[in-house]
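Please treat every number below as a calculation from the coordinates, not as lab data. Everything quoted here is computed from the prediction, not taken from an experiment. Quick reminder, even Gly has a Cβ in these numbers, built from the backbone with ideal geometry, and neighbours come from all protein chains shown.
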Amino acid sequence: MSSDMVKLIDRLEQEHAAVREALGALGALAEAGDETGLRSALPGRAAVLGAGLDDHSLAEDATLFPAIADGVGPDLVGVFAAEHAEILALRDELYRGDGGDIAACLGLCALLESHMDREELMLFPSVRDLLDEQS
Ligand SMILES: [Fe+2]
Ligand SMILES: [Fe+2]
């Protein structure tokens with residue numbers, strides 16, 4: 001699994017950078033309380049935060065996590081998988097646009113940034129260590 005897994009983690013990290021860029025723009029508008037600006041900024045980020053985030057979460061849930069669950073622990077992987085459901089629900093709420101956009105955006109930014117931080121600082125390095133041990 002190793003070279004495919006290295007490529008997958010590289011890809012996931014690159015996707016995190018695109019997600020962070022989108023969240024940074026939307027989060028700044030939400031923090032400023034600019035609901036009109038936030039609504040008009042959403043379509044331009046829909047590719048990254050819509051289908052892009054769906055694909056990203058699916059790659060982690062369906063490919064990465066099953067491959068590493070034994071090595072890093074199924075409970076840890078379970079926490080990240082559960083957060084995906086929460087993140088996608090907040091994203092859907094934000095894009096549905098039926099009120100509460102500022103709160104949905106701030107909630108999405110906080111959870112998704114923390115989630116990606118923990119993947120990058122803890123989960124992905126653990127996987128790289130596992131792969132090093134196996135090679
Ligand atoms: Fe994730
Ligand atoms: Fe991720």
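Is it the case that some residue within region 51-69 is surrounded by fewer than 17 Cβ atoms within 10 Å (Cβ to Cβ), over 21 Å from ARG11 (Cα atoms) and of a type outside the set (D, E, K, R)?
No, the conditions are met nowhere in region 51-69.
With ALA30, ALA22 as the choices, which residue is within 16 Å of ligand 1 (Cβ to nearest atom), more than 30 Å from GLY71 (Cβ to Cβ) and of a type outside the set (Asp, Glu)?
Details: ALA30 fails: within 16 Å of ligand 1 (Cβ to nearest atom).
Exactly one residue qualifies, and that residue is ALA22.
So the check is Cβ under 9 Å with 6+ separation or different chains; which pairs have a first residue in region 109-124 that's of a type in the set (Ser, Thr, Tyr) and a second one that's surrounded by 14 or more Cβ atoms within 10 Å (Cβ to Cβ) and assigned to a helix (DSSP H, G or I)?
SER114/GLU83
Filter region 1-49 down to residues that are farther than 26 Å from PRO125 by Cβ and small (Gly, Ala, Ser), then give me how many there are. Lay out the reasoning, then the answer.
So the first thing to find is which residues in region 1-49 are farther than 26 Å from PRO125 by Cβ, and the list is 25-26, 28-47.
Checking which are small (Gly, Ala, Ser) leaves us with 25, 28, 30, 32-33, 37, 40-41, 44, 46-47.
Residues meeting the conditions: 11.
Restricting attention to region 12-24, which residues are closer than 18 Å to ALA110 by Cβ, exposed (fewer than 15 other Cβ atoms within 10 Å of the Cβ) and among the small types (Gly, Ala, Ser)?
As a first pass, look at region 12-24 and keep what is closer than 18 Å to ALA110 by Cβ: 16, 19-24.
With the extra rule that they be exposed (fewer than 15 other Cβ atoms within 10 Å of the Cβ), the set shrinks to 21, 24.
Matches in region 12-24: GLY24 only.
What number of residues within region 46-102 satisfy the criterion of being more than 16 Å from ligand 2 (Cβ to nearest atom) and hydroxyl-bearing (Ser, Thr, Tyr)?
Of the residues in that region, 1 qualify.
Sort out for me the helices (runs of 4 or more DSSP H) sitting completely within region 20-125 that have 3 or more residues that are within 30 Å of MET5 (Cα to Cα). Let's see the steps before the verdict.
Working: elements: 35-41, 53-58, 65-72, 74-96, 101-118.
Answer list for region 20-125: 53-58, 65-72, 74-96, 101-118.
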